[in-house]
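Here the structure comes first, spelled out in structure tokens, and everything after it is commentary.
The values are calculated or read from the model by the stated rules, or taken from the named source; none is laboratory data. Given the structure is predicted, the values throughout are model-derived calculations rather than measurements. Note that we place each Cβ from the backbone using ideal geometry, even for glycine, and neighbour counts take in every protein chain shown.
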Amino acid sequence: MRTVDIEVTVNGEVYNKTVPVNQTLLRFLREDLFLNSVKEGCDEGECGACTVIVDGEPVNSCLVLAAELDGKSVLTAEGLAKDGRLHPLQEAFLEAGAVQCGYCTPGMLMSAVALLNTYPHPTRDQIRKEMEGNICRCTGYTRIADAILLAVDKMEGQDA
Amino acid sequence: MLGQFELYMPTDFTEACALKAKGARPVAGGTDVYVNRHGGKDRDPEIVDIKLLKELQGHSYTEGHGLDLGALTTHRDIETWDVIKKKYYAMFSGCSQVGSVQIRYRGTLGGNIMNGAPSADSIGPMLVHNAEVTVAGPNGERQIPLETFYTGFKKFDIQPDELLTRIRIPDVPENSGSAYYKYMRRGAMDLALMGVSVYLELDGDVMRNVRIALTTSAPTPVMSHSAEAVLEGQKISDEIIIKAAEAVASEGKPRSSWRSSAEFRVRLLHDITILVLHEAIERAGKSFEAKAESIPMRLYPGQDGLKPRPKEEV
Ligand SMILES: Cc1cc2nc3c(=O)[nH]c(=O)nc-3n(C[C@H](O)[C@H](O)[C@H](O)COP(=O)(O)OP(=O)(O)OC[C@H]3O[C@@H](n4cnc5c(N)ncnc54)[C@H](O)[C@@H]3O)c2cc1C
Ligand code: FES
Ligand code: FES
């Protein structure tokens, strides 16, 4: 089985790794880097639980090969907290009750990060549209949208 | 699980063509290829990743010439590009409704064409906008209208040693309008149960250069030339629009599946045609800057705009 050497930045740290060509980014992050926030739901792009950000773009890590990552930069939920403090989105998810079983949460967070990069002040409609690729079995989504709006307020507060 | 395979990531175009010629499966965004592998439907022993080929990269718009889209252009590129909303609204509609944001960042136009699904959302819009594809191989390149590029279910006018490299779409005049309506059973993340695309130009209240394409209504995305003929050169009226809808409904050949019966789909074709025709006509009457404004849907003569579902307030 062929392998590929990659140099990839994950959550700000540079890794030099040799990966099998048929390894998905999802498996690489979980099994080689032990980043277990990255969840496998469907393994076919439907659920969004495996969402991570590659070079600023949210992707389903179950549909990306680790071999494609040479020279790229990946962000997972583990990379959100800074200096021992949760990211405003993480705080807001807890405060708004947007986490129940929590299985969808890391993927939701990463999609929310991407959403706020595109729309710093999203409407509820924009939230629904941009988060359409993340399924939640528990919350009914309303509190997730509430949490994102709360995070926007928190981030405003930080800027001031 | 993706199963075992050998992976090639060439930067040289002829090398990629040679790999494809000896059976390697091209992969662009992988949103079809890797899904099929995960499911075990596809076990090609070799994969050639074509994302590093510059011949397939880039996308631009030039006044007077229109769009030059590399096969690797993603649905998200189209969705977020302002010229698309102003001039090629049906394409905005189609590409912005593919899967999810994550899928749209990876899924490409080339992959949407070459996957050959009758439900592919970007194809009807590209057909009505007169897209032409370029396929290239070791013996040079050929330009083929997208309409004749499809030769059957998942069959194309392409040789084993050729790749789809670019898609060209002509510029449009300001008196043109286009629309695509995707009928889904869910609000998101669903395939088109049925779709209709329309492009037309308005000369006063006379419709010209009318093009109509149907999604999920035949083994490939298809044009409805009989409905185009009903409208071509005619004045806008409810009667003529209904006649065109009847022509579309009698031309479409949807099949029954677990998703819905053929009868329901024929009725859908009829009603969706009316909706998209109204939408394209409204858009044709607006300036480029205003074409992206929302247009109320109208189905029956004399009916006020169908109210879109109320938007939630923040
Ligand atoms: C969860 C999910 C939801 C989806 N929803 C939709 C939807 O709503 N609407 C829709 O239309 N599609 C949908 N799709 C299907 C898919 O995302 C699109 O068809 C997409 O455009 C495929 O592009 P790709 O680059 O990922 O193709 P790939 O998977 O890379 O390739 C698809 C096929 O095209 C061939 N190919 C790709 N590029 C070339 C080329 N340049 N030359 C020759 N052959 C080539 C490949 O060999 C393969 O056979 C969905 C997929 C998923 C996983
Ligand atoms: S595990 Fe990747 S989208 Fe479900
Ligand atoms: S919190 Fe359980 S799936 Fe979302």
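The sole residue among A:G102, A:G157 that is away from ligand 1 (no atom under 16 Å from the Cβ), free of Cβ contacts under 8 Å to residues at least 60 places away in the same chain, part of a helix (DSSP H, G or I) and surrounded by fewer than 16 Cβ atoms within 10 Å (Cβ to Cβ) is A:G157. In region B:203-219, the residue that is nearest to B:A262 (Cα to Cα) out of those that are touching a residue at least 60 places away in the same chain (Cβ under 8 Å) and surrounded by fewer than 20 Cβ atoms within 10 Å (Cβ to Cβ) is B:A218. Pairs meeting the criteria (first residue in region A:108-120 and assigned by TED's automatic domain parsing to the domain that holds A:Y141, second residue among the acidic types (D, E), beta carbons under 8 Å, at least 6 apart or on different chains) are A:S111/A:E130; A:A114/A:E57; A:A114/A:E130; A:L115/A:E130; A:T118/A:E130; A:Y119/A:E130. Considering region A:119-145, the residues that are in contact with a helix residue (DSSP H, G or I) (Cβ under 8 Å, 6 or more places away or on another chain) and more than 10 Å from every other protein chain (Cβ to nearest Cβ) include one that is nearest to ligand 2 (Cβ to nearest atom), namely A:C136. Taking the criterion of being more than 14 Å from the chain's Cα centre (by Cα), assigned to a helix (DSSP H, G or I) and closer than 14 Å to B:A28 by Cα, no residue of region B:66-83 qualifies. Screening region B:84-140 for helices (runs of 4 or more DSSP H) wholly inside it with 2 or more residues that are within 16 Å of ligand 2 (Cβ to nearest atom), farther than 12 Å from B:S197 by Cα and touching a strand residue (DSSP E or B) at 6+ places or on another chain (Cβ under 6 Å) returns the ranges B:101-106. Residues in region B:114-129 that are crowded, with 24+ Cβ neighbours inside 10 Å and in contact with a Gly (Cβ under 9 Å, 6 or more places away or on another chain): B:A120, B:D121, B:S122, B:I123, B:G124, B:P125, B:M126, B:H129. If you check A:A96 against the conditions, is it farther than 20 Å from A:F34 by Cα, surrounded by 16 or more Cβ atoms within 10 Å (Cβ to Cβ) and among the small types (G, A, S)? Against the criterion (farther than 20 Å from A:F34 by Cα, surrounded by 16 or more Cβ atoms within 10 Å (Cβ to Cβ) and among the small types (G, A, S)), A:A96 qualifies.
The condition of being surrounded by fewer than 23 Cβ atoms within 10 Å (Cβ to Cβ), among the β-branched types (V, I, T) and touching a residue at least 12 places away in the same chain (Cβ under 8 Å) holds for only one of B:V98, B:V33, that being B:V33.
Conditions tested, residue by residue: (1) more than 29 Å from B:S100 (Cα to Cα); (2) part of a helix (DSSP H, G or I); (3) out of contact with any Leu (no Cβ under 6 Å at 6 or more places or on another chain).
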position	(1), (2), (3)
B:T165	no, no, no
B:P173	yes, no, yes
B:R186	no, no, yes
B:A192	no, no, yes
B:E201	yes, no, yes
B:R211	no, no, yes
B:A218	no, no, yes
B:A244	yes, yes, no
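Looking across region B:211-262, the residues that are closer than 16 Å to B:M184 by Cα and more than 23 Å from the chain's Cα centre (by Cα) come down to B:W258, B:S261. With respect to (1) over 15 Å from the mean Cα position of the chain (by Cα); (2) more than 15 Å from ligand 1 (Cβ to nearest atom), the lone exception for A:E44 is condition (2).
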